[in-house]
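Below is one structure, written out as structure tokens; comments come after it.
The values are calculated or read from the model by the stated rules, or taken from the named source; none is laboratory data. Since this is a predicted model, take the numbers as computed values, not measurements. All Cβ positions, even for glycine, are placed from backbone atoms using ideal geometry, and neighbour counts span all protein chains on display.
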Amino acid sequence: MEDTPIQSICEAVEEAHAKIQEDFDNINPVVGVINRMRKIGIATDLMTIDCLKSGKRILIAIHDSQPEIANYQFCLRDEDPSDDFESIAIESLTAQKLYVWMKETFSTEDSEECT
């Protein structure tokens, strides 16, 4: 993958994912990147961060027309996302921010931090 906005997010997610796995026994996010949408005329990269246990998803979209902005939504894996997305500057989408999102979105009552 070339040096693109989605690549910088991938690097931050990799770091956040490792920290989540280190800190929580029961949270193991599954990350997916969809960067072939241009072939069907959609100038966007997508990332999904899923928690299979809770069924929750963090959806991140980066449009070529605004490569410095990521649009995101907290949703469910088995439902279509709504049309309501929040926006964040790519530079603010750090490993720490993604860690907090994963922790807050995917934590359940039986998700205990490792000691």
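Output the strands (runs of 3 or more DSSP E) that fall wholly within the range 1-96 and possess 2 or more residues being out of contact with any Asp or Glu (no Cβ under 8 Å at 6 or more places or on another chain), or say none.
Because the criterion is at least 2 residues that are out of contact with any Asp or Glu (no Cβ under 8 Å at 6 or more places or on another chain), the strands (runs of 3 or more DSSP E) in the range 1-96 that meet it are 44-51, 56-63, 69-76, 86-89.
In this structure, is Ile6 farther than 18 Å from Tyr99 by Cα and without any contact (Cβ under 8 Å) to a residue 60 or more places away in the chain?
Spelling it out, it is not the case that Ile6 is farther than 18 Å from Tyr99 by Cα and without any contact (Cβ under 8 Å) to a residue 60 or more places away in the chain.
Give me the pairs, please: first residue somewhere in the range 44-70 and free of Cβ contacts under 8 Å to residues at least 40 places away in the same chain and surrounded by 19 or more Cβ atoms within 10 Å (Cβ to Cβ), second residue anywhere and among the acidic types (Asp, Glu) and assigned to a strand (DSSP E or B), beta-carbon distance under 7 Å, and either six or more positions apart or on two chains.
Cβ pairs passing all conditions: Arg57/Asp50.
Which count do you get for residues in the range 46-80 that are more than 15 Å from Val13 (Cα to Cα), under 13 Å from the mean Cα position of the chain (by Cα) and charged (D, E, K, R)?
So the count comes out to 2.
Based on what the data block shows, is Ser82 of a type outside the set (A, V, I, L, M) and either surrounded by 14 or more Cβ atoms within 10 Å (Cβ to Cβ) or closer than 21 Å to Ala16 by Cβ (or both)?
No, not satisfied.
Give me the pairs, please: first residue somewhere in the range 86-114 and under 19 Å from Gln7 (Cβ atoms) and surrounded by fewer than 13 Cβ atoms within 10 Å (Cβ to Cβ), second residue anywhere and of a type in the set (Val, Ile, Thr) and at pLDDT 95 or above, beta-carbon distance under 7 Å, and either six or more positions apart or on two chains.
Ala89/Ile69
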